[in-house]
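The values are calculated or read from the model by the stated rules, or taken from the named source; none is laboratory data. These numbers were taken from a predicted model, which means no experiment stands behind them. Note that we place each Cβ from the backbone using ideal geometry, even for glycine, and neighbour counts take in every protein chain shown. Areas reflect the complete protein model, heavy atoms only, side chains present, ligands, DNA and RNA absent. Shrake-Rupley method; radii C 1.70, N 1.55, O 1.52, S 1.80 Å.
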Amino acid sequence: MEQASLLPLLEADKEMVMASLAKDRALPAAQAVLEKAVDRVMYRYMEQCDSAELRDSAQYLLQTLKNTLPMMDTVGEARAWKKEVDSRGTGKNKPGMLAIGLLLLGLVLIFAAVVGVLVAGRMAGALAFVKALLPVALGAGSLYGAGILTAKPKKREAPGQEAVRMEYLVDSEKAWHCLRGAVLMADNQLERIRQEQAISLEQAAQAPKREVPKGELDLFAELLESAYASRDDSARETVSAIRFYLHNAGIDVVDLEAGQENWFEFLPAGKSGTIRPALVRGGKLAKKGVASR
């Protein structure tokens, strides 16, 4: 069966990735497109790969690739947006709250002075006029102050000051080759792990199997029967250790299954199950097991 590889999975998405990069070449958008491409490769590799070790290694490599994508190396164009500030300013001066307050105060004082003269009448006209001079003067002063505040120029930014915004645009071809190169490196690493696995399996297959004497088989059979009867945690650990030891010696520990009844002796019981597993070497029975039915 052909082994799954990362690069062919990425190449299958090339047109879709290039189209997405062409839609928006801004750096954040391109980063998101490449990360999604890596995720798609990861998901499909997990589905196709049979080795748990290779799946774990691929997930680690691709996650690291996502976190270290060298996006700045893919920038093909940079745009600078400048906004010049006019030192003279534009538009009309608007009166502030203080100017509006002085204006209203001046108008009220002058109006009050006029009304006071009219109410005083003809007999006390001269005295009323003298008394009205003070509010008229205060009102005129308030109006003058309001005009000064309104006409006072607002503070402006220094001449020639500019607001600059930089925008980096990604070169689609550069981004694709960058991603492809990173995935190729991950693929090479997985291939190295795959080769090491194959060498280990070959060495294990070629290693001479130690012949287990019949006396040891009987001892292991008794230990397995005791462990099967106990079923606690220590017993399960004992069964696992014996299975591993015998497997390295070329002997399989087999529980009762359909079609393997001839490898067992049966005892009557309320339910079926394995009392002592059978020991099989190379597909041939080495020690009969015991089961209930």
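Placing unit charges on the Cβ atoms only, positive for Lys and Arg and negative for Asp and Glu, gives region 201-293 a dipole magnitude near 200 debye about its Cα centre. Toward the positive end of the charge dipole of region 240-293, with +1 on the Cβ of Lys and Arg and -1 on the Cβ of Asp and Glu, the farthest Cα among Asn248, Asn262, Gly273 is that of Asn248.
Estimated from the Cβ-Cβ distance and a Förster radius of 51 angstrom, the FRET efficiency linking Ser51 and Glu167 is about 0.70. Taking amide hydrogens as placed 1.01 Å from N in the peptide plane, the amide H of Cys49 sits under 5 Å from that of no residue at least 5 positions away in sequence or on another chain. Computed extension gain for Phe266 through His177, at 0.36 nm per residue and net of the alpha carbon distance, reaches 25.4 nm. Taking 0.36 nm per residue of sequence separation and removing the Cα-Cα distance, the Arg231/Asp39 pair yields an extension gain of 64.8 nm.
Peptides 274-286, 212-224, 256-268, ordered by how many other C-beta atoms sit within 10 Å of their residues on average, highest first, read 274-286, 212-224, 256-268. Amide H to amide H, with H built 1.01 Å from N, Ile275 comes under 5 Å of Val290, Ala291, Ser292, counting only residues 5 or more places away or on other chains. Sequence-ordered 3J(HN,Hα) estimates for region 183-192 from the Karplus curve with 6.51, -1.76 and 1.60 and θ = phi - 60° stand at 5, 4, 4, 5, 4, 4, 5, 5, 5, 5 Hz, glycine and proline given as x. Cross-link partners for Lys66 among the aspartates and glutamates, with Cα-Cα distance under 16 Å and sequence neighbours closer than 8 places in the same chain left out: Glu35, Asp39, Asp56, Asp187. In this rough spin-label picture, where each label sits 7 Å from Cα along the Cβ direction, the Asn248-Ala32 distance is 5.4 nm. Residues in region 197-202 carry Karplus couplings, in order, of 4, 4, 5, 5, 5, 5 Hz; the curve used is 6.51 cos²θ - 1.76 cosθ + 1.60 with θ = phi - 60°, and Gly or Pro positions show x.
In region 182-293, the portion of solvent-accessible area held by carbon and sulfur atoms comes to 55 percent [1.4 Å probe, whole percent, DNA, RNA and ligands not counted]. Under a 5 Å amide H cut-off, with hydrogens placed 1.01 Å from N, Ala26 pairs with Val170 among residues at least 5 apart or on other chains. Rounded to the nearest whole Hz, the Karplus-based 3J(HN,Hα) values (6.51 cos²θ - 1.76 cosθ + 1.60, θ = phi - 60°) of region 251-260 follow the sequence 10, 9, 9, 10, 8, 5, 9, 4, x, 10, with x at glycine and proline.
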